[in-house]
Amino acid sequence: MSELLYLVDGLPIQDVLGGGLSANLPKSSVSTMTIHTGGFDAEYGNAMSGVVNVITRSGGRSHQLTGRYESDNLLSDDVSQQHNRAWEMELTAGGP
């Protein structure tokens, strides 16, 4: 088991078999992330070493459409640089 407690919007999302985080959140959905190490209240009863709390974004008054693209070799064709040619793309819609 992991000594860290992972929370999303205050709800635990522990992987019960291996410990650790049991969900993959899109980066664009994260609004705030706080990390508490040692000396925390009893409300975090399952944590031994630390608490990671992720707060997700909420809808606003207007409609929004945003995109995000991330790559480790976007502008480089130099084969001497080490990269794994990984890329990630997100399209996010939100509103009232």
task: Would you point out the residue of segment 78-89, among those that are under 19 Å from residue 25 (Cα atoms) and surrounded by 10 or more Cβ atoms within 10 Å (Cβ to Cβ), that is modelled with the lowest pLDDT?
output: 87
- prompt: Which of the residues that make up segment 3-20 are surrounded by 13 or more Cβ atoms within 10 Å (Cβ to Cβ) and without any contact (Cβ under 8 Å) to a residue 24 or more places away in the chain?
  reply: 13, 15, 19
field: Output for segment 25-48, where each listed residue is without any contact (Cβ under 8 Å) to a residue 60 or more places away in the chain, under 9 Å from the mean Cα position of the chain (by Cα) and open to solvent by less than 60 Å² (accessible area, probe 1.4 Å)
entry: 30
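For segment 60-77, give me each residue that is of a type in the set (D, E, K, R) and either modelled with pLDDT of 75 or more or outside any loop (DSSP other than H, G, I, E, B) (or both). Don't jump to the end; show me each part of the working.
Quick first cut of segment 60-77, residues of a type in the set (D, E, K, R) only: 61, 68, 70, 72, 77.
Matches in segment 60-77: 61, 68, 70.
The values are calculated or read from the model by the stated rules, or taken from the named source; none is laboratory data. Bear in mind the structure is a predicted one, so any value in this text is a computation, not a measurement. Virtual Cβ from ideal backbone geometry, glycine too; neighbours counted across all protein chains shown. Surface accessibility is based on the protein's heavy atoms, side chains included, excluding ligands, DNA and RNA. Shrake-Rupley method; radii C 1.70, N 1.55, O 1.52, S 1.80 Å.
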